[in-house]
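Novice: Below is the structure I would like to discuss, written out as structure tokens.
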Amino acid sequence: MYAIIINAVAVIAGSAIGAVFKRGIREKYITVLNTAMGLAALVLGINVSIENMQKSEFPVLFIFCLAAGGLVGTLLRLDQRLEGATRSVARERSDLAEGITTAVLFCCVGTLSMMGPVLSALKGDNTYLMTAATLNLVTMIVVASSYGFWTCLTAVFVFLWQGGIYLIAKCSQSFISEALIGEVSVVGGVLIAAAGLGVLNIKDCKTINLLPSLLVPMLFFLIKGLFA
């Protein structure tokens, strides 16, 4: 469990370093960083989705997940709630919610962040989690250099996400499978690409409202297991 805490601390440390770095560079360079981050998110998201879709036993499941998750997120008004919360924390940044959403997707989606807690819970192997912490540190330096220190709030999401997977793996070793992680990765890849479109100002996909989509594959596999 300590490796999950280290991941959260790495997010905060990266945010602090990025915020300090941001003060020393001009606005035009921040714009370049935003563009680079948007392109990276777009390419990474597409790659993650395609790579895992080829292994999927349910190739159209991600469509249902995105639709169902998007409806839930819209009903819960996640976009408005997060924007309101971030506006009260950092009034000078109206786009902080976008930065946090992008950071959450970068730090929470992928094999390292999902398999890491599983291996830690079942085998006591923290290799994946420690690698994820290093990547999270670097990622947050880049994100915070564009969106500011308060992207450190991403640490809360990282801790809850990895901690939740860790507890599920501890309680039910058979529930977390490579198939489940693959389906979550397909959905997550689409969301990362959507976040990239938002950062590039091509299309505001309201990615925050789509975040519940990441939980739908878990619900699907849980129901599937009950009737198997």
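The values are calculated or read from the model by the stated rules, or taken from the named source; none is laboratory data. What you see is a predicted model, and the numbers here were worked out from it, not measured in a lab. A quick note on method: Cβ atoms are made from the backbone with ideal geometry, for glycine too, and the neighbour counts reach across all protein chains shown. With ligands, DNA and RNA removed, areas are computed over all heavy atoms of the protein, side chains included. Shrake-Rupley method; radii C 1.70, N 1.55, O 1.52, S 1.80 Å.
Novice: Taking only segment 45-67 into account, find how many residues are open to solvent by less than 70 Å² (accessible area, probe 1.4 Å), assigned to a helix (DSSP H, G or I) and touching a residue at least 60 places away in the same chain (Cβ under 8 Å).
Specialist: Counting residues in segment 45-67 that are open to solvent by less than 70 Å² (accessible area, probe 1.4 Å), assigned to a helix (DSSP H, G or I) and touching a residue at least 60 places away in the same chain (Cβ under 8 Å) gives 9.
Novice: Another question, if that's okay. For segment 168-181, check the following and say yes or no: at least one residue is at pLDDT 90 or above and either in a helix (DSSP H, G or I) or within 19 Å of the chain's Cα centre (by Cα) (or both).
Specialist: Checking segment 168-181: not a single residue is at pLDDT 90 or above and either in a helix (DSSP H, G or I) or within 19 Å of the chain's Cα centre (by Cα) (or both).
Novice: Could you give every pair whose Cβ atoms fall below 6 Å, whose first residue belongs to segment 8-22 and is in contact (Cβ under 8 Å) with a residue 60 or more places away in the chain, and whose second residue is basic (Lys, Arg) and open to solvent by 20 Å² or more (accessible area, probe 1.4 Å), counting only separations of at least 6 or pairs across chains?
Specialist: The qualifying pairs do not exist here.
Novice: Continuing with the same structure: I'd like to know if segment 7-28 contains one or more residues that are among the polar types (S, T, N, Q) and open to solvent by 50 Å² or more (accessible area, probe 1.4 Å).
Specialist: Here is the first cut: in segment 7-28, the residues among the polar types (S, T, N, Q) are 7, 15.
Restricting the remaining residues to those that are open to solvent by 50 Å² or more (accessible area, probe 1.4 Å) gives none.
No, there is no match, as no residue in segment 7-28 is among the polar types (S, T, N, Q) and open to solvent by 50 Å² or more (accessible area, probe 1.4 Å).
Novice: Report, by residue number, each residue of segment 140-192 that is charged (D, E, K, R) and surrounded by fewer than 20 Cβ atoms within 10 Å (Cβ to Cβ).
Specialist: Within segment 140-192, 170, 178 meet the criteria.
Novice: Just to be sure before I move on: is residue 34 touching a residue at least 24 places away in the same chain (Cβ under 8 Å), under 22 Å from residue 169 (Cβ atoms) and in a helix (DSSP H, G or I) in the structure I sent?
Specialist: So residue 34 fails the test.
Novice: While we're looking at this one, here's another question. Restricting attention to segment 74-82, does a residue exist that is farther than 30 Å from residue 149 by Cβ and surrounded by fewer than 17 Cβ atoms within 10 Å (Cβ to Cβ)?
Specialist: Yes: segment 74-82 contains one or more residues that are farther than 30 Å from residue 149 by Cβ and surrounded by fewer than 17 Cβ atoms within 10 Å (Cβ to Cβ).
Novice: Would you say residue 113 is polar (S, T, N, Q), part of a helix (DSSP H, G or I) and touching a Cys at 6+ places or on another chain (Cβ under 7 Å)? So that I can check it myself, show each step before the final result.
Specialist: Working: polar (S, T, N, Q): yes; part of a helix (DSSP H, G or I): yes; touching a Cys at 6+ places or on another chain (Cβ under 7 Å): yes.
Yes: the conditions hold for residue 113.
Novice: Follow-up. Looking at (1) modelled with pLDDT of 90 or more; (2) open to solvent by less than 10 Å² (accessible area, probe 1.4 Å), find the lone condition where residue 210 falls short.
Specialist: If we test residue 210 against (1) modelled with pLDDT of 90 or more; (2) open to solvent by less than 10 Å² (accessible area, probe 1.4 Å), just (2) comes out false.
Each row is one residue, and each column tells you yes or no for (1) outside any helix (DSSP H, G or I); (2) more than 19 Å from residue 58 (Cβ to Cβ); (3) out of contact with any strand residue (DSSP E or B) (no Cβ under 7 Å at 6 or more places or on another chain); (4) touching a residue at least 12 places away in the same chain (Cβ under 8 Å).
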{"site": "188", "(1), (2), (3), (4)": "no, no, yes, yes"}
{"site": "194", "(1), (2), (3), (4)": "no, yes, yes, yes"}
{"site": "198", "(1), (2), (3), (4)": "no, yes, yes, yes"}
{"site": "205", "(1), (2), (3), (4)": "yes, yes, yes, no"}
{"site": "209", "(1), (2), (3), (4)": "no, yes, yes, yes"}
{"site": "222", "(1), (2), (3), (4)": "no, no, yes, yes"}
{"site": "225", "(1), (2), (3), (4)": "no, no, yes, yes"}
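Novice: Consider residue 202 carefully, then state whether it is surrounded by 20 or more Cβ atoms within 10 Å (Cβ to Cβ) and either touching a helix residue (DSSP H, G or I) at 6+ places or on another chain (Cβ under 7 Å) or modelled with pLDDT of 90 or more (or both). Lay out the reasoning, then the answer.
Specialist: Numbers: surrounded by 20 or more Cβ atoms within 10 Å (Cβ to Cβ): no; either touching a helix residue (DSSP H, G or I) at 6+ places or on another chain (Cβ under 7 Å) or modelled with pLDDT of 90 or more (or both): yes.
No, not satisfied.
Novice: Hey, among 131, 207, 154, 139, which residue is hydroxyl-bearing (Ser, Thr, Tyr) and more than 25 Å from residue 50 (Cβ to Cβ)?
Specialist: Answer to the check: 154.
Novice: Inside segment 108-130, can you point out the residues that are hydroxyl-bearing (Ser, Thr, Tyr) and open to solvent by less than 20 Å² (accessible area, probe 1.4 Å)?
Specialist: If the condition is that a residue be hydroxyl-bearing (Ser, Thr, Tyr) and open to solvent by less than 20 Å² (accessible area, probe 1.4 Å), then 113, 120 are the ones that fit.
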